[in-house]
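Here the structure is laid out as structure tokens; the discussion comes afterwards.
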Amino acid sequence: MTGVTRYHVAAVVPAVVAVVCVVVAWYILWRPEVSVRVPSLPVSPGARAVPRARALPAAPVSVPEPGPGPVCASVFSSRSTSVTSAPPRALSPALQTPVDARRSFWSGSAPPPSRSPFRVNTPDEQCGLARHTRTWKLNFSSSCRDTSVWPSTSEWRVDLHTPMRNVSTVSLRSVGLSPSEYTVDVWNNGVDLSFGGNVYSVEVPPGVYTTGSSLASAVQTAILATDAALAGFTVTYAASTDRVTISESSPAEFTLLWASGGSANTSMWATLGWLREDTVSVLVGGSHDAVSPGRIDLNGVLAVDVFADELSNSLDGPIGRVVMNRSVVGDPVFRETPQEDSHRFWPIARLQFLTFRFMVQYGRVNADGSVVCAYRPYQFHGRANTLRLDVGETSYVNPMELDVQLDPGT
């Protein structure tokens, strides 16, 4: 090797070693999945040894048609298996950016088993956030109110010990109350009548009347006590028809002012079985009579709506309705609101107290004679009431925070 000095060798050897290392590394990392090995042949004395065949690149393996011979399955290396099982990456159609396949899985109906059981999965996770909702079961009683500020159990306020934030759901789960209003109360005790050119306003004393006869007797007593000119009026009850008849012994005509009287919004038209319209008496024999077209009503209020003033801007109406049951007078009524009656609304940032109102829906007559639907308080007459609410707080958290496990010792 003329001209090759030790300096040339010293310069070439490291380059050769580097090339060999690169080739070995490439072979280890990118070796083919299927290799063909040629077995070594026995070497006879005096013959040259046949070198071992090098690995050939993997070729597509075609599955032969079923036949009498055995069919060999394809064999994959561990590297190939790990690549196959890795989660694929999808492309978001909206943003055209890679989206982790695991995030798409989380947006389904059930979270991975390793996640927190309190986690609620929503599409918000595609923005990197998870909606987390927790529900508080709160019990309230009117006996805990400040009676100097809220003397009536029809409306009262309760302070929350800890202010609630981001309140987004509310559900009235149960209400405990008694049918406390009287048969004749301040909302239905008026009788206005026109007789002899004058208008008289009669007020029947509030009270519980369990029979039609006792109700008719109370109305007659109130009419006679209003003015001496009404001494010829009588009120009778017919048990066979469950109706009331108001009569006047003289031939003079009278009119019951159920719609146009001064107490049109607090009259007894519904309790005594009349329609909300002025009724003119009819001459029968020697007296004038007015017979109610419908049956009397001793049941009173059919339903009570529960409102919460602090939620009035979020809810269009009450948080629930309590259907009354007066089959047994005085027994408490418990109403379980179905789950589908829950209300969801835009989160309220801070809720420190709740003001409850128990209201009754009724038709109010305006000055122009039109009738609108309005509310008035339900009369509990000192009886207490209770209710239970399920209140949900909503917050947005990073999904990775749900995996954080705190040390119990901290």
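The values are calculated or read from the model by the stated rules, or taken from the named source; none is laboratory data. In this text, all values refer to a predicted model and were calculated from it rather than measured experimentally. All Cβ positions, glycine included, derive from the backbone under ideal geometry; neighbour counts span all protein chains shown.
Look at (1) assigned by TED's automatic domain parsing to the domain that holds Gly363; (2) under 26 Å from Asp192 (Cβ atoms) and you find that Asp316 fails only one, number (2).
Tally up the residues in the stretch 215-240 that are within 24 Å of His381 (Cβ to Cβ), surrounded by fewer than 15 Cβ atoms within 10 Å (Cβ to Cβ) and of a type in the set (S, T, N, Q), please.
So in the stretch 215-240, the residues within 24 Å of His381 (Cβ to Cβ) come out as 215-219, 221-222, 225.
Adding the requirement that they be surrounded by fewer than 15 Cβ atoms within 10 Å (Cβ to Cβ) leaves 221, 225.
Filter once more, so that each one left must be of a type in the set (S, T, N, Q): 221.
Counting residues in the stretch 215-240 that are within 24 Å of His381 (Cβ to Cβ), surrounded by fewer than 15 Cβ atoms within 10 Å (Cβ to Cβ) and of a type in the set (S, T, N, Q) gives 1.
The residues listed here are Thr236, Thr241, Thr221; of these, the one that is under 18 Å from Asp289 (Cα atoms), at pLDDT 95 or above, of a type in the set (S, T, N, Q) and in contact with a Lys or Arg (Cβ under 9 Å, 6 or more places away or on another chain) is Thr241.
Within the stretch 144-157, is there a residue that is among the basic types (Lys, Arg) and modelled with pLDDT of 90 or more? Reasoning before the result, please.
Within the stretch 144-157, the first condition is being among the basic types (Lys, Arg), and the residues that meet it are 145, 157.
From what's left, modelled with pLDDT of 90 or more: 145, 157.
Yes, because at least one residue in the stretch 144-157 is among the basic types (Lys, Arg) and modelled with pLDDT of 90 or more.
The C-beta contact set for the stretch 192-205 (first residue touching a residue at least 60 places away in the same chain (Cβ under 8 Å), second residue crowded, with 17+ Cβ neighbours inside 10 Å and among the hydroxyl-bearing types (Ser, Thr, Tyr), distance under 7 angstrom, 6+ apart or interchain) comprises Asp192/Ser263; Asp192/Ser267; Leu193/Tyr200; Leu193/Thr255; Ser194/Thr255; Ser201/Ser263.
For Asp185, the criteria (1) touching a residue at least 40 places away in the same chain (Cβ under 8 Å); (2) surrounded by 21 or more Cβ atoms within 10 Å (Cβ to Cβ) hold in every case but one, which is (2).
Filtering the stretch 294-312 to residues that are within 30 Å of Gly232 (Cβ to Cβ) and in contact (Cβ under 8 Å) with a residue 40 or more places away in the chain leaves Gly294, Arg295, Ile296, Leu298.
Name the residues in the stretch 172-190 that are out of contact with any Phe, Trp or Tyr (no Cβ under 8 Å at 6 or more places or on another chain) and closer than 10 Å to Thr271 by Cβ, would you? Listed by number, the residues that qualify are Asp185, Asn188, Asn189.
Within the stretch 274-302, can you find the residues that are of a type outside the set (A, V, I, L, M, F, W, C) and not in a loop (DSSP other than H, G, I, E, B)?
Of all residues in the stretch 274-302, those of a type outside the set (A, V, I, L, M, F, W, C) come to 276-279, 281, 285-289, 292-295, 297, 299-300.
Thr279, Ser287, His288, Asp289, listed by residue number.
Screening Asp309 against (1) in contact with an Asp or Glu (Cβ under 8 Å, 6 or more places away or on another chain); (2) within 30 Å of Pro347 (Cβ to Cβ) leaves a single unmet condition, (1).
Determine which member of the set Val158, Val149 is in a loop (DSSP other than H, G, I, E, B), hydrophobic (A, V, I, L, M, F, W, C) and under 30 Å from Asn313 (Cβ atoms). Spell out how you get there, then give the answer.
On the way: Val158 fails: in a loop (DSSP other than H, G, I, E, B).
Of the residues listed, the single one that is in a loop (DSSP other than H, G, I, E, B), hydrophobic (A, V, I, L, M, F, W, C) and under 30 Å from Asn313 (Cβ atoms) is Val149.
For Thr210, the conditions (1) touching a Gly at 6+ places or on another chain (Cβ under 7 Å); (2) in the same structural domain as Ala228 (by TED's automatic domain parsing) are fulfilled apart from (1).
On inspection, Thr234 does not qualify as assigned by TED's automatic domain parsing to the domain that holds Ser287, in a helix (DSSP H, G or I) and among the β-branched types (Val, Ile, Thr). For the stretch 260-292, the set of residues classified as without any contact (Cβ under 8 Å) to a residue 40 or more places away in the chain and loosely packed, with under 14 Cβ neighbours inside 10 Å consists of Leu275, Glu277, Val280, Val282, Leu283, Val284, Gly285, Gly286, listed by residue number.
Pairs meeting the criteria (first residue in the stretch 134-162 and in the same structural domain as Val391 (by TED's automatic domain parsing), second residue exposed (fewer than 15 other Cβ atoms within 10 Å of the Cβ) and of a type in the set (S, T, N, Q), beta carbons under 8 Å, at least 6 apart or on different chains) are Asp159/Gln352; Leu160/Gln352.
May I ask you to say which residue of Ser240, Ser260, Ser247 is of a type outside the set (Phe, Trp, Tyr) and assigned to a strand (DSSP E or B)? Step by step, each of Ser240, Ser260, Ser247 is checked, and only Ser247 is of a type outside the set (Phe, Trp, Tyr) and assigned to a strand (DSSP E or B).
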